[in-house]
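Single-structure report; data block below.
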Amino acid sequence: MQRDIRDHTIILDIDGVLMADAESTIDPQIASYIATLKEHNDIFIVSNSFRDARCAYAAEALGLPWIDSPFKKPSVSILNYMQYDHAKPMLVIGDKLLTDGIFALRIGAEPVMLHRRTSPKDRIVIKLTYLLDDIAYSLVRLWYTR
């Protein structure tokens, strides 16, 4: 993603966006791009992962707040755990239509769907989730391009 984004509130996913499920570190190029985004935007990490140590690592590595909410995307209740400027437009940067895309739609944010980072070592449940999401995405594209 190479866009000049300024004065937004950005909700950033971890799995598939910052790191593949099987990866344990953030690629330096991605970290550099996030640092650039941080210069002119408010960024929050919101993940559906139950791996708290992974979320804490990403937040610390990037110097970003992690919203540790009992709610998961696409629940709008996540916003109750964030202190953000309501006047700024919102972006949701993610890789899955069924979580990130629907969450963006529900909160009135612009969805920015990235090509998903994967690894051959990703867990099978993650691979199945990606397959279901890809099928849903294909059906939505088919429906809207008729």
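The values are calculated or read from the model by the stated rules, or taken from the named source; none is laboratory data. This is a predicted model, so every value here is computed, not measured. Virtual Cβ from ideal backbone geometry, glycine too; neighbours counted across all protein chains shown. Quick note on the areas: whole protein, heavy atoms, side chains included, nothing else; ligands and nucleic acids left out. Shrake-Rupley method; radii C 1.70, N 1.55, O 1.52, S 1.80 Å.
Details
- Here the helices (runs of 4 or more DSSP H) wholly within the range 33-144 that include at least 1 residues being charged (D, E, K, R) and free of Cβ contacts under 8 Å to residues at least 12 places away in the same chain are 52-62, 124-144.
- Some residue of the range 2-9 being surrounded by 11 or more Cβ atoms within 10 Å (Cβ to Cβ) and under 14 Å from the mean Cα position of the chain (by Cα): yes
- Scope the range 25-67; condition over 24 Å from ARG3 (Cα atoms) and in contact with a helix residue (DSSP H, G or I) (Cβ under 7 Å, 6 or more places away or on another chain); matching residues: ASN48, SER49, ILE67
- Looking across the range 119-146, just one residue is within 18 Å of the chain's Cα centre (by Cα), modelled with pLDDT of 95 or more and open to solvent by 100 Å² or more (accessible area, probe 1.4 Å), and that is LEU132.
- Lone qualifier among ASP15, ASP27 - being surrounded by 12 or more Cβ atoms within 10 Å (Cβ to Cβ) and in contact with a strand residue (DSSP E or B) (Cβ under 9 Å, 6 or more places away or on another chain): ASP27
- Candidate set from the range 30-49 (those that are among the polar types (S, T, N, Q) and over 20 Å from GLU110 (Cα atoms)); member that is surrounded by the most Cβ atoms within 10 Å (Cβ to Cβ): SER49
- Scanning the range 1-32 for residues that are without any contact (Cβ under 8 Å) to a residue 60 or more places away in the chain and touching a Ser or Thr at 6+ places or on another chain (Cβ under 6 Å) returns a single hit, ILE14.
- Scanning the range 55-65 for residues that are open to solvent by 20 Å² or more (accessible area, probe 1.4 Å) and farther than 25 Å from LYS121 by Cα turns up GLY63, PRO65.
- Among (1) out of contact with any strand residue (DSSP E or B) (no Cβ under 9 Å at 6 or more places or on another chain); (2) within 27 Å of ASP134 (Cα to Cα) - the single one ILE45 does not satisfy: (1)
- Scanning the range 68-83 turns up at least one residue that is within 24 Å of THR9 (Cα to Cα), open to solvent by 40 Å² or more (accessible area, probe 1.4 Å), of a type in the set (Phe, Trp, Tyr) and over 15 Å from the mean Cα position of the chain (by Cα).
- Residue check, ASP52 farther than 15 Å from TYR84 by Cα and open to solvent by 50 Å² or more (accessible area, probe 1.4 Å): yes
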